[in-house]
Amino acid sequence: MGREHMSELDTSKSETHAQNRGTKIITLSDIKANPELTFLVQKADGAMEAIGYTEHGQRHTGVAATRAREVLLGVGAAQRRAELGAIAAYLHDIGNIINRGYHAQTAAVLVYPLLTKLGMPLEEVCDVITAIGNHDEKDGAPVNDLCAAVILADKSDVHRSRVRTTEYLRQDIHDRVNFAATRSRLAVNSGTDIISLSLTIDTEISSVMEYFEIFLSRMVVCRRAAEYFKHQFELEINGQRLS
């Protein structure tokens with residue numbers, strides 16, 4: 001039986017179970033259409049802008065959601081797990097509305113009542129908030145499949161489109177490194193056990209060494225996330241492979 005057919009069966013079973021329990025199959029489209037959740041994403045990004053952080057709004061959350069879905073499908077997860085991974089990735093940063101510190105945990109606390117109010121089954125809500133609450137490299141770890149995907153999706157989003165202004169490139173290493181990244185691609189390589197992040201960095205703007213200065217801990221947690229899927233994490237910068 002092919003993976004596509006298995007995914008269809010998985011979705012059908014999820015819908016039946018949800019109907020039996022009086023819950024709903026919540027999709028990423030439902031999340032994006034919810035005014036309360038959309039407002040939280042926007043306001044959290046506004047808090048980040050106020051303290052000089054790179055973009056953490058709908059562009060970043062959209063990229064993270066797409067990448068989390070692709071990772072899960074790439075490692076053979078069912079369609080429903082991929083959808084839940086996308087939802088977790090889309091909501092992973094709303095804790096920034098409270099404070100940057102422990103934003104992963106506060107995001108999980110915020111998300112719980114909102115998803116239950118929408119009618120998502122409790123088992124799925126728990127998996128989503130576990131993924132959100134453990135996505136940060138400082139105090140988190142890939143504790144479930146959704147979390148591993150969110151980590152890879154979130155930490156791989158380094159790109160100049162996240163820089164709000166070029167005014168402080170000289171002073172701010174985070175802006176400088178992000179602005180120097182002109183290409184960022186995360187992929188589960190077909191036929192291999194490798195998850196790769198391929199970057200193009202303009203070294204006239206920032207050195208590769210500066211990238212590692214601020215992103216080394218994120219690459220370490222990406223390696224752990226890939227290992228959760230029994231894959232190897234490979235980083236390629238300007239054509240040079242590091243694994």
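We did not get these values from a lab; they are worked out from the coordinates using the rules stated. Nothing here was measured: the structure is a model prediction, and the numbers come from that model. As a convention, Cβ positions derive from the backbone with ideal geometry for all residues, glycine included, and neighbour counts pool all protein chains shown.
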Expressed as a percent, the portion of alpha-carbon pairs in segment 155-243 spaced more than 15 Å apart is 58 percent
Taking the Cβ of each residue in M219, M120 as the centre, tally the other Cβ atoms inside 10 Å and list the residues starting with the fewest.
M219, M120
At 7 Å along Cα-to-Cβ for each site, give me the label-to-label distance between E213 and R170 in nm.
1.6 nm
Let's see if you can work this out: charge +1 on each Lys and Arg Cβ, -1 on each Asp and Glu Cβ, no other charges. What is the dipole magnitude of the chain about its Cα centre, in debye to the nearest 20?
140 debye
Quick check on the chain: of the DSSP beta bridges with both residues there, what percent are antiparallel, nearest 5%?
60 percent
One finds, for T116 and V143 with R0 = 22 angstrom and r their Cβ-Cβ distance, a FRET efficiency to the nearest 0.05 of 0.60
Between S156, S198, S207, where does the largest GNM mean-square fluctuation fall for the chain, given springs only between Cα atoms within less than 10 Å?
S207
Which log10 I(q)/I(0) values does segment 148-197 give at q = 0.13, 0.14, 0.17, 0.19 Å⁻¹ under the Debye formula, counting every alpha carbon as one identical point scatterer?
-0.39, -0.44, -0.58, -0.67
Are there any trypsin sites (Lys or Arg not before Pro) in segment 79-177 that are in a DSSP loop and have at most 11 other Cβ atoms within 10 Å? List them by number.
K138, R170
In a Gaussian network model of the chain with springs linking alpha carbons closer than 10 Å, the residue among A86, A78, A149 that fluctuates most is A78
If you split all Cα-Cα distances of segment 19-138 into 5 Å bins from zero, what percentages do you get per bin, shortest first?
2, 12, 22, 26, 20, 11, 5, 1, 0, 0
GluC sites (Glu not before Pro) restricted to DSSP loop in segment 88-170 with at most 10 other C-beta within 10 Å:
E167
Using a 10 angstrom cutoff on alpha carbons, build the Gaussian network for the chain and name the most mobile of I31, I87, I205.
I205
Set the Förster distance to 35 Å, then compute FRET efficiency between T192 and K24 from the Cβ-Cβ distance, nearest 0.05.
0.40
Calculate, axis by axis, the spread of Cα positions in segment 74-232 along the three principal axes, and write the results as whole Å, longest axis first.
50, 42, 23
Charges only on Cβ, +1 for Lys and Arg, -1 for Asp and Glu: so what's the dipole of segment 139-233 about the Cα centre, in debye to the nearest 20?
160 debye
